[in-house]
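Everything below concerns the one structure shown next.
Every read-out reported here was derived from the displayed coordinates using simple, explicitly stated rules and does not represent laboratory data. Note that the coordinates shown come from a computational prediction; the quantities given were computed from them, not determined experimentally. Virtual Cβ from ideal backbone geometry, glycine too; neighbours counted across all protein chains shown.
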Amino acid sequence: MTVPDPAPSTTLASLTTLRLGGPAAELVEAHDEASLIEAVSSADAAGIPVLVVGGGSNLVVADEGYPGRVVVVRNGGLDDEADTCGGAFVEVAAGESWDDVVATAVERGWVGIEALSGIPGTAGATPIQNVGAYGQEVSQTVARVRTWDRKLRGIRTWAAGDCGFGYRTSRFKRDPERFVVLSTTFQFGLGDLGAPVQYAELASALGIATGERAPARDVREAVLALRRSKAMVLDPDDHDTWSTGSFFTNPVVPADQVPEGAPAWPQPDGLVKTSAAWLIEQAGFTKGYGNERVRLSSRHSLAVTNRGGATTEEVLDLARELQSGVQERFGITLVNEPVLVGCQL
Ligand SMILES: Cc1cc2nc3c(=O)[nH]c(=O)nc-3n(C[C@H](O)[C@H](O)[C@H](O)COP(=O)(O)OP(=O)(O)OC[C@H]3O[C@@H](n4cnc5c(N)ncnc54)[C@H](O)[C@@H]3O)c2cc1C
């Protein structure tokens, strides 16, 4: 198996939703699993650094670019392994568009990811940071993850319980140079009603109480409408969506560190999750804060946006300003959610 021809564009800016990032030394698009493994393992054997890219929606890449092989994951396929009264086991190739997977699930009555509608990127990236929104996380429906282990040079399949899932993290994210996700198998319930809605804003949009169910189609539509109102659905004409979504995760801190009046979501380990958006706003950075090149989205105070013509360094400068403002005001250190490549806060 030979590595596929390099794709025409070698600029990371063309592969990321921030539309930022300099040139890649090499760029390979892998359209099937064998070429994905070959592209990564041949680079590993030659000592060439590898950056795996899906939809580029959680990546901040340095203006200098990437001095190695960028491997773009484009393997497709969705295999409905079993569709019985026990539920549906569905194996999804890493390069599938995540939102297409959600749309298919809703259409076919596979329950459990409808609240994850509208999240950009590929299916294979969803276990990396245990993607979540509106009260659902992929870890609730992932049955197993098939990976290429770059260290052991072989295919390894991880049962959900071994994936180390946590809030926006997993064993794959904690060990970033090691695993390439080839496919993920989900186990869905079957039916027309979505899973119980756990997020108050979504329940209210659906006119139900938190914990009640609604038709999965309605849940998807309500989530998409909420996300659009916050510029959290990609739209090339809308600069408020030229972002990585939330730039910071919600801090999880001891209860006595949660500022007075801040949202507080108690966690099973006794710590409390609070809202990064609230902290940023209360530290004086309102929606739209910034300049004509880089600023907070006018509809979401957690999204750092490129207004066109920005540089990665300018994005990082604004993120640093937010981080130190929150640190000074509340003594809480915000942690970036997107993966930083060749750069740091
Ligand atoms: C407008 C907007 C809204 C968003 N909303 C949400 C949200 O509600 N919830 C949420 O959790 N996230 C959200 N995100 C972040 C992002 O969409 C998700 O993290 C998504 O899963 C990233 O997928 P991707 O294919 O774009 O990954 P990329 O950005 O291409 O990659 C992200 C990381 O995963 C690695 N990676 C990608 N594919 C693979 C693979 N097959 N194997 C191994 N490593 C891989 C990359 O190397 C990189 O480290 C949002 C982003 C944007 C721009």
Inside region 248-274, the number of residues satisfying the requirement of being farther than 23 Å from LEU318 by Cβ, crowded, with 19+ Cβ neighbours inside 10 Å and not β-branched (Val, Ile, Thr) is 0
When every residue in region 175-199 that is of a type in the set (A, V, I, L, M) and within 16 Å of the ligand (Cβ to nearest atom) is compared, the one farthest from PHE165 (Cα to Cα) is VAL197
Would you confirm whether or not region 119-126 contains a residue that is more than 9 Å from the ligand (Cβ to nearest atom) and crowded, with 23+ Cβ neighbours inside 10 Å? no
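Residues checked against (1) surrounded by fewer than 19 Cβ atoms within 10 Å (Cβ to Cβ); (2) within 10 Å of the ligand (Cβ to nearest atom); (3) not in a helix (DSSP H, G or I):
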site	(1), (2), (3)
GLY95	no, yes, yes
ASP99	no, yes, no
ALA105	no, no, no
ILE155	yes, no, yes
In the set GLY109, GLY132, the lone residue that is within 12 Å of the ligand (Cβ to nearest atom), of a type outside the set (A, V, I, L, M, F, W, C) and surrounded by fewer than 20 Cβ atoms within 10 Å (Cβ to Cβ) is GLY132
Listed by first then second residue, the pairs whose first member lies in region 86-100 and is farther than 8 Å from PHE186 by Cβ, whose partner is in a helix (DSSP H, G or I), with beta carbons under 7 Å and at least 6 positions apart or on separate chains, are ALA94/ALA123; ALA94/GLY124; GLY95/GLY124; GLU96/ALA123; TRP98/ALA123
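Residues that are within 16 Å of the ligand (Cβ to nearest atom) and either touching a Cys at 6+ places or on another chain (Cβ under 6 Å) or more than 22 Å from GLY55 (Cα to Cα) (or both): does region 321-332 have at least one?
No.
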Counting only residues in region 157-182 that are closer than 17 Å to VAL53 by Cβ and touching a Lys or Arg at 6+ places or on another chain (Cβ under 9 Å), the one surrounded by the most Cβ atoms within 10 Å (Cβ to Cβ) is identified as VAL181
Flagged pairs (Cβ under 6 angstrom, 6 or more apart or on separate chains; first in region 160-176, without any contact (Cβ under 8 Å) to a residue 24 or more places away in the chain; second among the hydrophobic types (A, V, I, L, M, F, W, C)) are ALA160/VAL142; ALA160/ALA143; ARG171/CYS163
